[in-house]
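J.: Dropping the structure in here first, questions after.
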Amino acid sequence: MTEVKFCSYFKNFILCGEIDFHCMLCQESFFYLDNVDKHLKWEKHRSLLKKQAYDERYKRDFLYKIRDDFYCEACNELTTEPKKHRQCSSHVAAKSVSKRPKFETMNYPIRRRSDGTVFIGDVRVTALEWHGNYGIDTDQYICFGCNEVIKKSDAQNHCKTKTHVDKMLACNVMTDYEEKPEFIRLIRPNLYHCAVCDLILPYWDNVREHISGLSHGARRRVSILPCNEASILRSMHGPTLDSNNSFKIHLKRLGLN
Ligand SMILES: [Zn+2]
Ligand SMILES: [Zn+2]
Ligand SMILES: [Zn+2]
Ligand SMILES: [Zn+2]
């Protein structure tokens, strides 16, 4: 077996999202890479790391068995279907790269400020919006990634759970739309969510049309304003969700009802 040098985060069982990280050994989530670096030095993490060994059956594919999942060190991905995973072309490509660049968030168009606010290029979103959590009434949120209704008070913790991070990692934000980042996520094949407008869009054609539309443009401009001005404008134009938008309507939009 040729010696493969994986990124140290991958080797350390850290699932790396765009700006979200999860240690699968300690089952802890992190919002900043600095905190991940500190975490990797912790005794508890290091001792768990020492105990890990490739699954004998999938050694050549760099797969570990972790609880109910298999973790692929080459792809930095969890899978429940190791046989299928080892055959997919992205895996074959990933495991044959002999030296990969260090994972870093520098020069990435998505950044999280120390107060939790996220910038996608010039578009500013709150920590919860970044995580796909939107209020459906005064004390409930819906998480688009998990397709789950959560209590407002649980929203912060929900964003740190493994299932959530896992789902989040699967829906990347489009950062390269005509060289201008847009806060639009692919939730499932042919299902997109525009986080600026909180709108579900089926099919890519609708997304293109939506981006070039007036209302998206206006909302996008509001979200690049400094915090105060934006909240004043938002209160003038009402919340992004209108008040009769109930949970049922959300489910319908998601095609689940
Ligand atoms: Zn850890
Ligand atoms: Zn893989
Ligand atoms: Zn979630
Ligand atoms: Zn939009």
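J.: Using each residue's phi in region 203-216, evaluate 6.51 cos²θ - 1.76 cosθ + 1.60 at θ = phi - 60° and report the 3J(HN,Hα) Karplus result to the nearest Hz, with x for Gly and Pro.
T.: Rounded to whole hertz, the list is 6, 4, 4, 5, 5, 4, 4, 4, 4, 7, x, 5, 5, 5.
J.: Sort LEU186, LEU199 so that the residue with the fewest other Cβ atoms within 10 Å of its own Cβ comes first and the one with the most comes last. If you can, show how the numbers build up before the last one.
T.: Details: LEU186 16, LEU199 19.
Fewest-to-most ranking of LEU186, LEU199: LEU186, LEU199.
J.: From the phi of every residue in region 130-145, what ³J(HN,Hα) in whole Hz does the Karplus formula 6.51 cos²θ - 1.76 cosθ + 1.60 yield, where θ is phi - 60° and glycine or proline is x?
T.: Karplus values, whole Hz, x for Gly and Pro: 4, 7, x, 9, 10, x, 10, 8, 5, 10, 10, 10, 10, 9, 5, x.
J.: Please list, ordered by chain and number, the residues whose modelled amide H lies under 5 Å from the amide H of GLN140; skip anything fewer than 5 residues away on the same chain.
T.: Amide H neighbours of GLN140, under 5 Å, 5+ apart: LYS152.
J.: Can you sort GLU18, GLU56 by how many other beta carbons sit within 10 Å, fewest first?
T.: On the way: GLU18 20, GLU56 7.
Ranking GLU18, GLU56 by Cβ neighbours within 10 Å, fewest first, gives GLU56, GLU18.
J.: Then there is this: What pairs in LYS59/LYS84; LYS5/LYS95; LYS50/LYS84; LYS51/LYS84; LYS11/LYS83 have C-alpha atoms more than 18 Å from each other?
T.: Cα-Cα > 18 Å for LYS50/LYS84; LYS51/LYS84; LYS11/LYS83; rest within.
J.: Check which residues have an amide H placed less than 5 Å from GLU28's amide H, if you skip close sequence neighbours.
T.: Close amide H contacts, sequence-distant or interchain: CYS23.
J.: Step through the residues of region 33-48 one at a time and calculate ³J(HN,Hα) from phi using the Karplus curve (6.51 cos²θ - 1.76 cosθ + 1.60, θ = phi - 60°), rounding each to whole Hz and writing x for Gly and Pro.
T.: Residue by residue, region 33-48 yields 4, 4, 5, 5, 4, 5, 4, 5, 8, 5, 4, 4, 5, 4, 6, 5 Hz.
J.: Taking neighbour Cβ counts within 10 Å as the exposure measure, how do SER223, SER89 sort from fewest upward?
T.: Working: SER223 22, SER89 7.
Ordered by Cβ neighbours within 10 Å, fewest first: SER89, SER223.
Values in this text are rule-based calculations from the coordinates and carry no lab data. Just so it is clear, the structure is predicted and the values come from calculations on it, not from any experiment. All Cβ positions, even for glycine, are placed from backbone atoms using ideal geometry, and neighbour counts span all protein chains on display.
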